[in-house]
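The next block holds one structure in the form of C-alpha cells; read it before the comments.
The values are calculated or read from the model by the stated rules, or taken from the named source; none is laboratory data. None of these values were measured; they are calculated from a predicted model. Note that each Cβ is placed from the backbone with ideal geometry, even for glycine, and that neighbours are counted across all protein chains shown. Ligands, DNA and RNA are excluded from the accessible area calculation, which covers all protein heavy atoms including side chains. Shrake-Rupley method; radii C 1.70, N 1.55, O 1.52, S 1.80 Å.
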Amino acid sequence: MVLIDNPNDLRVLVFAHSPEVTLGTFAQVLHQECIPYEYLKMWQGESPGLPLDCYSHVVLLGGTMGAYEQERYEFLRREYDYLEQIFHYQIPVLGICLGAQMLAHFLGAKVAVGQYGKEIGWTPIHRLGTALHDPVVGHLPPESYFFEWHGDAFELPTGAEGLLTSTLYPQQGFRYRERVWGVQFHPEVDGAIIQTWCAQADHPVPVPEIDTQSSLYLPQAISLGQALWRRFLAQNERVTIGSVQSKK
C-alpha cells in the first residue's frame with residue numbers, strides 16, 4: 001500500500017457531471033485517511049468554495065455528455081476555465097472517462113464518437129512499457145480487467161505519453177508532463193454503481209454477462225483502483241509543469 005504523506009495537508013476538489021457517476025470506492029479512501037474533499041455538482045451550477053490554489057488535487061469524473069459539448073452544457077465551459085487555472089497552479093489532476101476526454105480536449109486532441117460503438121462492460125487493460133515506472137499506474141499488472149462505459153474516444157494529446165491500452169480503443173490511459181493523468185476506464189466503481197448504470201441505461205445492456213464478469217473481476221479492480229487512487233494522492237509535491245493554455 002502506498003502511504004500518503006501528510007494527509008492533513010491535502011484537500012481534493014471533485015468535478016462531478018452526472019448524479020449517477022460518483023467517487024465510488026475512492027471516497028472510502030478519503031474517509032479512511034481523513035482527507036477533506038469538495039464535491040461539485042457541476043450540472044447544478046456549483047462552484048469551488050475556496051480559491052483553486054487551496055486544493056492539493058483535482059478529479060474530473062465521468063458523465064453522459066461529450067467533452068466537446070460546451071455549447072449544450074454551460075458548465076463544461078466553466079470547467080475548462082477552471083482547468084486553465086488548475087494547470088497554472090500545477091495541481092495534480094486525474095480525469096476518469098469523460099474527465100480523461102475533457103483533459104484530452106483541453107490539450108488540443110480530437111475527441112469524438114468512437115468508431116467502434118459503445119464500449120460497455122469488463123475490458124482487459126494492457127499496461128504499456130511506458131507505464132512501468134509511472135507513479136500512478138505503474139502498479140498495474142501487464143493485463144487487468146476494468147469496467148468501461150463510454151461511447152466517445154480520444155486521441156493522445158501532443159506532449160502526452162500513452163500508458164495503457166486495449167484492443168477496441170487504444171487510448172486507455174495517459175500522463176501529460178508530471179501532474180496530469182487520464183484514464184478511459186472506471187477504476188472507482190463498485191457493484192452498486194454498476195447496477196445503477198445498468199438499470200438506468202437507455203439502450204440494451206448485457207446485464208447477465210456483466211453480473212457474471214463482475215463476480216470475477218470486481219474484487220481485483222477495486223483493489224487496483226484504490227491503489228491507483230492512493231498513488232495519485234501521494235503526488236502532493238507540486239512541481240513546475242509550465243504554463244499550459246487551453247488548445248480546445
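Annotations
- TRP122 being among the hydrophobic types (A, V, I, L, M, F, W, C), surrounded by fewer than 21 Cβ atoms within 10 Å (Cβ to Cβ), in a strand (DSSP E or B) and in contact (Cβ under 8 Å) with a residue 24 or more places away in the chain: yes
- Only residues that are open to solvent by 80 Å² or more (accessible area, probe 1.4 Å) and among the polar types (S, T, N, Q) were counted across the range 8-40, and they come to 3.
- Residue within the range 165-178 that is out of contact with any Lys or Arg (no Cβ under 9 Å at 6 or more places or on another chain) and among the β-branched types (Val, Ile, Thr) present: yes
- The set of residues from the range 170-197 being farther than 13 Å from SER214 by Cα and assigned to a helix (DSSP H, G or I) comprises THR196, TRP197.
- Residue satisfying condition, being modelled with pLDDT under 95 and among the polar types (S, T, N, Q), within set GLN101, GLN115, GLN85, GLN44: GLN115
- Count of the range 91-119 residues, restricted to those that are within 30 Å of SER56 (Cα to Cα), open to solvent by 10 Å² or more (accessible area, probe 1.4 Å) and either among the small types (Gly, Ala, Ser) or out of contact with any helix residue (DSSP H, G or I) (no Cβ under 6 Å at 6 or more places or on another chain) (or both), is 4.
- Consider the range 217-239 and keep the residues that are in contact (Cβ under 8 Å) with a residue 12 or more places away in the chain and surrounded by fewer than 14 Cβ atoms within 10 Å (Cβ to Cβ). The one that is farthest from ASP53 (Cα to Cα) is GLN220.
- Among the conditions (1) within 18 Å of GLN235 (Cα to Cα); (2) open to solvent by 10 Å² or more (accessible area, probe 1.4 Å); (3) of a type in the set (Ser, Thr, Tyr), TYR55 misses just one, which is (2).
- For the range 161-183, taking the residues that are among the hydrophobic types (A, V, I, L, M, F, W, C), buried (at least 22 other Cβ atoms within 10 Å of the Cβ) and without any contact (Cβ under 8 Å) to a residue 60 or more places away in the chain, the one that is nearest to CYS198 (Cα to Cα) is identified as LEU164.
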